[in-house]
Amino acid sequence: MSQKHIHFERCGEQQEIAVIRLTRAAKRNALNDGLVMALRDLFQNMPEGVRAAVIAGEGDHFCAGLDLSELKERDAGQGMHHSRAWHAALEALQYGPVPVIAALHGAVVGGGLELASACHIRVADESTFYALPEGSRGIFVGGGGSVRIPRLIGVARMADMMLTGRVYNAQDGERIGLAQYLVPVGTAFDKALELAARIAQNAPLTNYALTHVLPRIADQPADQGFMTEAMISAIAQSAPEAKQRVRDFLEGRAAKVQKA
Ligand code: 1HE
């Protein structure tokens, strides 16, 4: 399946991994309205059998953020709807059917960082750099960045990035929590695929709990969080697949945790 500026394919032994590529390299994968809607549609209509997804950018950069050529035509009302359209697309990704891994390289800036921060895991290669140039362009984030990015790196670091135009390189990005994995140049996609294959083997209910329930627990007051945890924990362990997996371990058929 291929829409304009987005390419979708499936891989893995059972075609269980979706690979989504931004293919607008000439414009550094800047996200225009069509691309944002295509991403929303894709995550809302993920084919049956997909268990994990990888999103990557073609060319030298992951994503240069909002297509600034579209920004100049918008009034305040249209701007509001535009931001809400980004929210809908990135919520479709974050609270979609499968865990999503971002494979990052080059520029991960503005809306590109908003897209990456909606993913569940970020793998960055050493060419990656992160910035929020909205601050210096006289605008603000509008793709959910003010909600998601402080949860990764804290309010102070995000404010610094926007107030001063600070750019984080790949090493510092991993250090502060923008990415969970730092890998050599050119290997982020392979590492993301490896992780996706691993994630695809989990019980679907566990993956659902981690992508849909965990972030909501983290946003709840502790008392409510403990209650939600108790409920999802009970639901997960009551699944026949969970019982089988525990039996497999107890009877020596499942892998032990290996020392890192
Ligand atoms: C673009 C965009 C874009 C590149 N919108 N056209 N994002 C930004 O403020 C980042 C703006 N982009 C850059 O700083 C640089 O392009 C990069 C560091 C990402 C890459 O540099 P480079 O030297 O590889 O490429 P380039 O020569 O700057 O750009 C190549 C082409 O892509 C050029 O077009 P051309 O027709 O002259 O070839 C650029 O104009 C075009 N291009 N980035 C439109 N972003 C939901 S709210 C989110 C708010 C934001 O994301 S604001 C931050 C936007």
Of the residues in the stretch 174-193 that are among the charged types (D, E, K, R) and touching a strand residue (DSSP E or B) at 6+ places or on another chain (Cβ under 7 Å), the one that is nearest to Ile17 (Cα to Cα) is Lys191
Check whether at least one residue in the stretch 102-118 is assigned by TED's automatic domain parsing to the domain that holds Ile153, crowded, with 24+ Cβ neighbours inside 10 Å and more than 15 Å from the ligand (Cβ to nearest atom), and report yes or no. yes
What is the one condition in (1) farther than 24 Å from Gly173 by Cβ; (2) surrounded by fewer than 21 Cβ atoms within 10 Å (Cβ to Cβ) that Arg51 does not satisfy? (2)
Qualifying positions in the stretch 126-162 - among the charged types (D, E, K, R), within 16 Å of the ligand (Cβ to nearest atom) and under 22 Å from Ala103 (Cα atoms): Arg148
Residues of the stretch 54-77 being in a helix (DSSP H, G or I) and either within 11 Å of the ligand (Cβ to nearest atom) or under 18 Å from Ala170 (Cα atoms) (or both), in sequence order, are Leu68, Ser69, Glu70, Leu71
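Restricting attention to the stretch 120-170, which residues are in a strand (DSSP E or B) and either open to solvent by less than 50 Å² (accessible area, probe 1.4 Å) or among the aliphatic types (A, V, I, L, M) (or both)?
Result: Ile121, Arg122, Val123, Ala124, Asp125, Tyr130, Ala131, Tyr168.
The values are calculated or read from the model by the stated rules, or taken from the named source; none is laboratory data. Keep in mind it's a predicted model, so treat the numbers as computed, not measured. Note: ideal-geometry Cβ built from the backbone for every residue, glycine included; neighbour counts use all protein chains shown. Just so you know, the surface numbers come from the protein's heavy atoms only, side chains and all, with ligands and any DNA or RNA stripped out. Shrake-Rupley method; radii C 1.70, N 1.55, O 1.52, S 1.80 Å.
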